[in-house]
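The structure under discussion appears below in the form of structure tokens.
The values are calculated or read from the model by the stated rules, or taken from the named source; none is laboratory data. It should be emphasised that the depicted structure is a prediction, and the values quoted were computed from it without experimental measurement. Every residue, glycine among them, receives a Cβ derived from its backbone with ideal geometry; neighbour counts consider all protein chains shown.
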Amino acid sequence: MCLPFVASPSKKFMNKVQKRDGSLSDFDAAKIEAAIIQAVLRDHHGNYRQGRTLSASQRAVTDLVTQTVVATLNSRVTDGVIHIEDIQDQVELVLMRAGEHVVARDYVLYREARAADRRRPVDEVDGVDTDSGRVLFYDIRTEIYCAVAHLPVRTSLSDAIFSETRKSLYDGMPKSEIITAAIMAARSLIELDPDYSRAAAALLMSKIRGEAMGACLGYSVGYPYQDYFPAYIARGIAVGRLDPRLAEFDLAHLGSVIIRPERDLDIDYLGLQILYDRYLIHDREVHIETPQAMWMRVAMGIALAEDSNRTEWAAKFYEVLSTFAFVSSTPTLFNAGTCHPQLSSCFLTTVPDDLEGIYDAIKENALLSKFSGGLGNDWTPVRSMGAYIKGTNGKSQGVVPFLKVVNDTAVAVNQGGKRKGAVCAYLETWHMDIEEFLELRKNTGDDRRRTHDMNTANWVPDLFMRRVSANQDWTLFSPSDVPDLHDLYGADFDVRYAEYEVLAAQGGIVSKTVSAVQLWRKMLTMLFETGHPWITFKDACNLRNPQQHAGVVHSSNLCTEITLNTSEEETAVCNLGSINLMAHVKEKPFSSALFEDVAVSRETFMLDTIDMEHLECTVRVAMRMLDNVISVNWYATEKGRLSNARHRPVGLGVMGVADALAALRIPYGSRAAVLFSDVSQEALSWFAIDASADLATQRGSYESFSGSFWSRGILPMDSIALRGVGGGIVMDTAASANLDWDGLREKVKSGMRNSNCLAIAPTATISNISGVSQGVDPFYQNLYAKSNLSGEFTVLNPAMVRDMKELGIWDAVMVNDLKYFDGSLGSIDRAPKFLRRLYATAFEIGSDANGDNWLVQCAARRQKWVDQAISLNLYMAEPSGPKIDALYRQCWSSGLKTTYYLRTLGATSAEKSTVSGGQLNAVSLSPASKVCSMETGCESCQ
């Protein structure tokens, strides 16, 4: 019997091999091939069967087995590390399936003989000798058991982890590596049950406490925070990492009464490993901060903006942070309470059309990126290639050469080594360089005119979309010839653009005429092929901008959720944080009945799904925290400081939407999900705006308040009318609302503390820390491997597993099937239909009967209540030109301001091999597709 060749997937999840002594080495397929060659040539005694060289038939067997083993290992969902014994197990399995039974038998006997030679044996001893003396297995078992004591079936969990841990123990190993071996053992089992993630996290917490508190304590031992916390603050100040003002808080009270150490148990392994690697403060590579100390440090750093009762406010801020009800963005978590409190998330700049200004903008990028900021650059003002330069009497090289410098700067300045530097360049669709701009991320062509590491986005006016719909021509200009066009929007833009077209036709200015449809097709083609440039809509951002009186929105930010005014004099700065929606819904008990259709009133639906009292309390505290960030923030540039002080914008977002829907038994692709998007965002927005108005009463309105939408009683839902309808725009203008918006309109006329209140960011990192789904995204997959700067992690949907346990269908066979079908339940007949609907992955949600994408419908309902924008990923299982065209036209016509990544599935798939006995459920034989190699989340803003 011969096995079919299994093609290697484009993304390799496994890249390290754990040896028997516990050390790690790089995965090398050549070593596997060499071992298989020896197995084919020699018997189990080590004698050559026929000769020292492979025959043609033996070479064929060797190649087949090597390719199949390597492809199978790479196709597994793992955490990036595989044990050497598991590799050898797979070689045995493949040899047998290939019909090479004699070779397989000799290989098994050879392995057993070598194992016997290595033994002293571990089964016959009671411990392991380390560099610090003998450690008994009893003590290792006890430590593991204590770590998982808070979890169900703790005995079986600890037994399984200890069994895996023993494989990595060896005489002479450093004692400190025993806990690491236990962590690695637990993480290797995560695919079997989410409880192993909690177990791995608990073991990692033991390691963290060992570093920070000077002792490795089991969970049965109390946390000495009353002694540790004041000592930690003192040490942090002494080594220059913490703001000396933190010593002025009542540290004894915070450490002994407020800090809740048991909340460390609420963090799963992925979240805790991210905290350990990048967030917890260390001194000379030794971590001095625990997670709860970090939450309190952030709370105290934000409370420094309070004039009085700082300890009391720090306690309130700690409460929402440590319970994950609200989580500040990554820059705030990194830097709050430190000596460099750069807490803002996003920076938007406009690049001027002169050499000095261009390089000042690039320098500003570097300074902003140094302390963890995501950057959005508006490059439209810079003249196009071939445009006349008066100062040198020459011609411009256009935008692209400068963008290459921006790209390399982002790589060089990598946010203090904690995250990759990240920037997005925006260009308006009428710019003469737009066609070359579209190709910046291509892998072919002149590499000097490619930017492989930065993001790009189209800034698209409504007039272009109408020209596309009418199949008309579109005219490209150099901004040096049309200097006012970039500052115009709506009807003013339409009129002026037509005047410039007339002038160009008369030969007054240089222009280029293209087909609007062909340019649109190229925009979508590049988006599909390279992931860039993203599509964002200029008029939607400006016509609904509450700060129209104070300037123009020239671009969005790195992750497309921020829409603030920029100019040569002002760098827009936004300060972000996200409400965890999962923590504020009224979870429904397990039931096979899904809530898909809307059969109750809007008000009843809101009250039945959302804990309004809890949400209001969280939002009010969150808005105060975000406003405080502006006051205590350290600014890398004066333009950013002036802008933030004048307008005080914040962006309160949301995360955990997919988890909240699952808890409410609402499928993402349903009318109920659209309604939930509407009512939940209404509640969040009402509370945020009301909280900002209350802060204005206490602290005063922001400087540029007069003349704003707020001062005129125009709220985000009211600005829909200013966008207008018709001309292809079919926004939801329904006046349906549950809360007292009339009263709020009158209230905000008296003052607002913040020029902008709401923006929904992607939350890639803070949602991992919180253990919920990111932003407004659906479940990506129910079982997959996630890659970030902390490594490779197995991610398993815990809610789905709980439901399957209720039904008695969660077992090793189900795990194998989920691997086979890339984390999708859709083709697993053993899973009930209602579970397949509830846990449909992002690529399975699709559209309604009218062809309208469910994700866009949900986002459009949220956009109605949001004064900035929504970072919206779009997913398409079977992409085609017409489908992508229809999707982005729907985004525009439904009123979305911006879009983010377009994620698609590949056209082909690889056959998969299961791990446990080769068993599969009764499944439909639809092909399992591979996800494209695009990253699954942006970590730069949140």
| field | Qualifying position, being surrounded by fewer than 24 Cβ atoms within 10 Å (Cβ to Cβ) and either under 30 Å from residue 782 (Cβ atoms) or touching a Lys or Arg at 6+ places or on another chain (Cβ under 8 Å) (or both), among 646, 665 | value | 665
| message | Considering only residues that are part of a loop (DSSP other than H, G, I, E, B) and free of Cβ contacts under 8 Å to residues at least 24 places away in the same chain, which ones fall in the range 794-809? | response | 808, 809
| query | So, of the residues in the range 846-866 that are surrounded by fewer than 22 Cβ atoms within 10 Å (Cβ to Cβ) and touching a strand residue (DSSP E or B) at 6+ places or on another chain (Cβ under 7 Å), which turns out to be nearest to residue 877 (Cα to Cα)? | reply | 847
| message | Here's a check for you: in the range 441-490, which residue that is aliphatic (A, V, I, L, M) and part of a loop (DSSP other than H, G, I, E, B) is nearest to residue 396 (Cα to Cα)? | response | 482
| message | As an exercise: evaluate residue 283 against (1) farther than 18 Å from residue 628 by Cα; (2) crowded, with 16+ Cβ neighbours inside 10 Å; (3) not aliphatic (A, V, I, L, M) and give the number of the one condition it does not meet. | response | (2)
| note | The condition of being out of contact with any strand residue (DSSP E or B) (no Cβ under 8 Å at 6 or more places or on another chain) and buried (at least 17 other Cβ atoms within 10 Å of the Cβ) holds, among 191, 211, 164, only for 164
| query | Within the range 570-593, can you find the residues that are at pLDDT 90 or above and more than 23 Å from residue 627 (Cα to Cα)? | reply | 582, 585, 586, 587, 588
| note | Listed by range, strands (runs of 3 or more DSSP E) wholly within the range 499-617 having at least 2 residues that are within 30 Å of residue 718 (Cβ to Cβ) are 534-537, 572-580
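Okay, residues lined up against (1) farther than 27 Å from residue 679 by Cα; (2) not in a loop (DSSP other than H, G, I, E, B):
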site	(1), (2)
825	yes, no
836	no, yes
849	no, no
868	no, no
903	yes, yes
| Is there a residue in the range 185-208 that is modelled with pLDDT under 90, under 29 Å from the mean Cα position of the chain (by Cα) and either outside any helix (DSSP H, G or I) or among the hydroxyl-bearing types (Ser, Thr, Tyr) (or both)? | yes
| Given (1) surrounded by 22 or more Cβ atoms within 10 Å (Cβ to Cβ); (2) in a helix (DSSP H, G or I), index of the condition residue 169 fails | (2)
| query | What is the one condition in (1) over 21 Å from residue 679 (Cβ atoms); (2) surrounded by 24 or more Cβ atoms within 10 Å (Cβ to Cβ); (3) hydroxyl-bearing (Ser, Thr, Tyr) that residue 631 does not satisfy? | reply | (2)
| field | Selection within the range 159-175 - among the hydroxyl-bearing types (Ser, Thr, Tyr) and either in contact (Cβ under 8 Å) with a residue 24 or more places away in the chain or closer than 16 Å to residue 24 by Cα (or both) | value | 165, 168, 170
| field | Selected residue (criterion: modelled with the highest pLDDT) from residues of the range 14-46 that are farther than 21 Å from residue 180 by Cβ and assigned to a loop (DSSP other than H, G, I, E, B) | value | 28
| note | Subset of the range 130-146, residues part of a helix (DSSP H, G or I) and not hydroxyl-bearing (Ser, Thr, Tyr), comes to 137, 139, 140, 141, 143, 144, 146
| query | Which numbered condition trips up residue 911, out of (1) at pLDDT 90 or above; (2) surrounded by fewer than 22 Cβ atoms within 10 Å (Cβ to Cβ); (3) out of contact with any Ser or Thr (no Cβ under 8 Å at 6 or more places or on another chain)? | reply | (1)
